[in-house]
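J.: Attaching a single structure in structure tokens format; questions to follow.
The values are calculated or read from the model by the stated rules, or taken from the named source; none is laboratory data. Bear in mind that the values here come from a model prediction, so they are computed numbers and not experimental data. Cβ coordinates were reconstructed from backbone atoms using ideal geometry, including for glycine residues, and neighbour counts include every protein chain displayed. Surface accessibility is based on the protein's heavy atoms, side chains included, excluding ligands, DNA and RNA. Shrake-Rupley method; radii C 1.70, N 1.55, O 1.52, S 1.80 Å.
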Amino acid sequence: MGKTITQKIFEKNSHKKNLTPGESVWLDVDVLMTHDVCGPPTISIWKNEFGDKAKIWDKNKLVIFPDHYIFTKNVHANRNVDILRQFADEHQLPNYYDVGTERYKGVCHLALAEEGFNVPGTVLIGTDSHTCTSGAFGLFSTGVGNTDAAFILGTGKIWEKVPDTMKFIFDGELPNYLTAKDLILQILADITTDGATYRAMEFDGSAIRQMNMYERMTLTNMAIEAGGMNGIISVDDVTKSFLSSIGIFDYDIFYSDDDAKYFSVNKYDVTKIEPTVAKPHSPDNRDIVRNVEGTKLTKCYIGSCTGGKITDFEFAAKLLFGNKVKVPTFVVPASTQVAKQLEIESLNGISLKEIFENAGCIIAESSCAACLGGPADTIGRSSDGDIVISTTNRNFPGRMGSKKSKVYLASPLTVAASAINGFITDPRNFL
Amino acid sequence: MEKIIKGKAYVLGNNIDTDQIIPAEHLVYSTSIPNELKMYGHFALSGVPIEKAGLPDGNIPFIEDENSESEFSIIIAGTNFGCGSSREHAPLSLNVAGVKAIIAESYARIFYRNSVDGGFLIPIESINKLNDKIETGDELEIDIINNQLKNITKNLFYELKPLGSVFEIVESGGLFNYARKNKMI
């Protein structure tokens, strides 16, 4: 019987052959990532549980990105960053990216890609549910809590159940009014928010192969929104070219066998998909934009690991060029590298940053910001009565701040089109 | 591990995500300083819209006033309990509030393993939908070994799914105890 990529990586890192889905195995962890929200409690559990024997299993494999609550006056949030800084200092950690320094990166999932931690064929574990994003590089990546992370910190190991794999094939040429976000929202509608629980989600097809790495990351990023253990896309020339540009050449490439057994296979013709939204209050509450067109908005938001990558801003700038936004519109580059790219990249001779400024957008510093609400002084945070359209990943009650606000999730094209009108708008009206 | 768990039911719907269990803005408190740890109990389930808090009628706060402990120690919920973020603060906050067990139709993976590995509470799966049969405030008794739930108030019995492969970790009281017992660390 053939195997899927995820199963092959499980075999490699568990040193076992012929694993069956559902079986529990111990995996060697290649990278452990944490951040300011879950890092401090992870460190505290590690110290308590290992006591005098507490030793970091491999400093080179530990990566810490403060990114969640950064630009806030909240003293408790700032204390969490201090704890990370002291820990990194005490243990001389090579992969700590401190706030207020040149090394500060912003949102961890994008930073992992930029800094070369997404190595194909490896196991990457993070204390963040969106750690599944890294799977776009043909590796196994998943989110865990603090106890599991503390255990890895001391042992380099995690127990995990071998997942079944669900395959999603997107064929056809992606029309200019669609982005990866529309595709993943379509999947969520079809399988719902628990449709992939404990399973791997593998993406393939000609439309995926045409996508750059950032767009692929939007797909794997939201695997968790379907309950998926991981999202994964096999390595191809696009992956190799991205990796070689940051000096990574040595890695294991796995492909799913032709006779691999899948839990399910869903096929899509992308030319038949419409610009899509997830209505309040669930990422699987799908509708096509045309059906909710005209819904009045109070805020628009472009940011986060899901929708704050350079490609998301390229899409948005295309529509915002020469236009003005009618409601407060927040532009939050996920990483400091993206923030720099906004100044360098241009459209019709004008930098993306200037396009957003001219359109009247509010440009914020790189962090997770209002994607998850955050402390009261977080920029872009939703207030009572807000109706928001956002390129982020979740719209459960209160996710972006007030539980008395409503959030629509959409592609950067749809959010930009909606910002121009002040109500939900199909991007085709501007293309 | 307690083999018999008794307590009052607090009933919730489907897709109770981690932002409803403990809103992200509260994740700034230290989990190792006792006075701050209490805040996690105080804010437990504070993100659930009030009309859906404590079914069937709703409008029952899980935590009264300034308390950090709840009078309800068993949660009954629908599908996909604990979906959303990886924050271990979610089962931790329920634990601080005094929750001993949850009975839901299904769980999100990370919440499930955080509950088990952190030893915070016992996540049990029901065989049938129960959140339309049990009312908030009903007195319940869970028999962990025999996988049975008794609704004392209504004198009804329900079968539960066995814990399966995680039983040993639950019985040990979490991943670290389990690993020490098995000489892994």
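Matching residues to (1) open to solvent by 40 Å² or more (accessible area, probe 1.4 Å); (2) under 19 Å from residue B:179 (Cβ atoms); (3) assigned to a loop (DSSP other than H, G, I, E, B):
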residue: A:12; (1), (2), (3): yes, no, no
residue: A:27; (1), (2), (3): no, yes, no
residue: A:48; (1), (2), (3): yes, yes, no
residue: A:52; (1), (2), (3): yes, yes, no
residue: A:72; (1), (2), (3): no, no, yes
residue: A:76; (1), (2), (3): yes, no, no
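J.: Select the helices (runs of 4 or more DSSP H) contained entirely in region A:322-431, then report the ones holding at least 2 residues which are open to solvent by 10 Å² or more (accessible area, probe 1.4 Å) and of a type in the set (A, V, I, L, M, F, W, C).
T.: Fully inside region A:322-431 and qualifying: A:336-344.
J.: Among what's in region B:124-141 and is assigned to a strand (DSSP E or B) and out of contact with any Gly (no Cβ under 8 Å at 6 or more places or on another chain), pick the residue that is nearest to residue B:89 (Cα to Cα).
T.: Quick first cut of region B:124-141, residues assigned to a strand (DSSP E or B) only: B:124-126, B:139-141.
Retained after the next criterion (residues that are out of contact with any Gly (no Cβ under 8 Å at 6 or more places or on another chain)): B:124-126, B:141.
Numbers: B:124: 19, B:125: 21, B:126: 24, B:141: 26 Å.
Out of the qualifying residues, it is B:124.
J.: Sticking with this structure for a sec: Determine if region A:294-313 includes at least one residue that is within 20 Å of residue A:114 (Cβ to Cβ), at pLDDT 95 or above and acidic (Asp, Glu).
T.: Scanning region A:294-313, I find at least one residue that is within 20 Å of residue A:114 (Cβ to Cβ), at pLDDT 95 or above and acidic (Asp, Glu), so the answer is yes.
J.: Among the residues of region A:84-103, is any in a loop (DSSP other than H, G, I, E, B), closer than 22 Å to residue A:218 by Cβ, of a type in the set (Phe, Trp, Tyr) and more than 14 Å from chain B (Cβ to nearest Cβ)?
T.: no
J.: Out of everything in region B:86-108 that is farther than 22 Å from residue B:31 by Cβ and facing chain A (nearest Cβ under 10 Å), what residue ends up being least open to solvent (accessible area, probe 1.4 Å)?
T.: Within region B:86-108, the match that is least open to solvent (accessible area, probe 1.4 Å) is B:106.
J.: Scan A:149, A:189 and give me the residue that is touching a residue at least 60 places away in the same chain (Cβ under 8 Å), buried (at least 24 other Cβ atoms within 10 Å of the Cβ) and on the phi < 0 side of the Ramachandran plot. I'd like the intermediate steps shown before the answer.
T.: On the way: A:189 fails: buried (at least 24 other Cβ atoms within 10 Å of the Cβ).
Residue meeting the stated conditions: A:149.
J.: Would you point out the residue of region B:25-63, among those that are within 13 Å of chain A (Cβ to nearest Cβ) and of a type in the set (D, E, K, R), that is least open to solvent (accessible area, probe 1.4 Å)?
T.: Out of the qualifying residues, it is B:36.
J.: Still on this structure, I have one more. Is region B:64-85 home to any residue that is of a type in the set (Ser, Thr, Tyr), more than 19 Å from residue B:170 (Cβ to Cβ), within 14 Å of chain A (Cβ to nearest Cβ) and touching a residue at least 40 places away in the same chain (Cβ under 8 Å)?
T.: Yes, region B:64-85 has at least one match.
J.: Taking only region B:158-180 into account, find how many residues are farther than 15 Å from residue B:116 by Cα and surrounded by 14 or more Cβ atoms within 10 Å (Cβ to Cβ). It would help to see each step written out before you state the result.
T.: First pass over region B:158-180, keeping only residues farther than 15 Å from residue B:116 by Cα: B:158-161, B:180.
After this cut, where a residue has to be surrounded by 14 or more Cβ atoms within 10 Å (Cβ to Cβ) as well, the list is B:158, B:160.
Number satisfying all stated conditions: 2.
J.: Filter region A:128-142 down to residues that are more than 14 Å from chain B (Cβ to nearest Cβ) and in a loop (DSSP other than H, G, I, E, B), then give me how many there are.
T.: 2
J.: Just checking, which of A:195, A:231, A:247 is surrounded by fewer than 19 Cβ atoms within 10 Å (Cβ to Cβ) and of a type in the set (Gly, Ala, Ser)?
T.: Numbers: A:195 fails: surrounded by fewer than 19 Cβ atoms within 10 Å (Cβ to Cβ); A:231 fails: surrounded by fewer than 19 Cβ atoms within 10 Å (Cβ to Cβ).
Testing whether each residue is surrounded by fewer than 19 Cβ atoms within 10 Å (Cβ to Cβ) and of a type in the set (Gly, Ala, Ser) leaves just A:247.
J.: How many of the residues making up region A:239-262 are touching a residue at least 12 places away in the same chain (Cβ under 8 Å) and among the hydroxyl-bearing types (Ser, Thr, Tyr)? Steps first, please.
T.: Quick first cut of region A:239-262, residues touching a residue at least 12 places away in the same chain (Cβ under 8 Å) only: A:239, A:242-243, A:246-248, A:251-262.
Okay, now just the ones that are also among the hydroxyl-bearing types (Ser, Thr, Tyr), so A:239, A:251, A:255-256, A:262.
Qualifying residue count for the region: 5.
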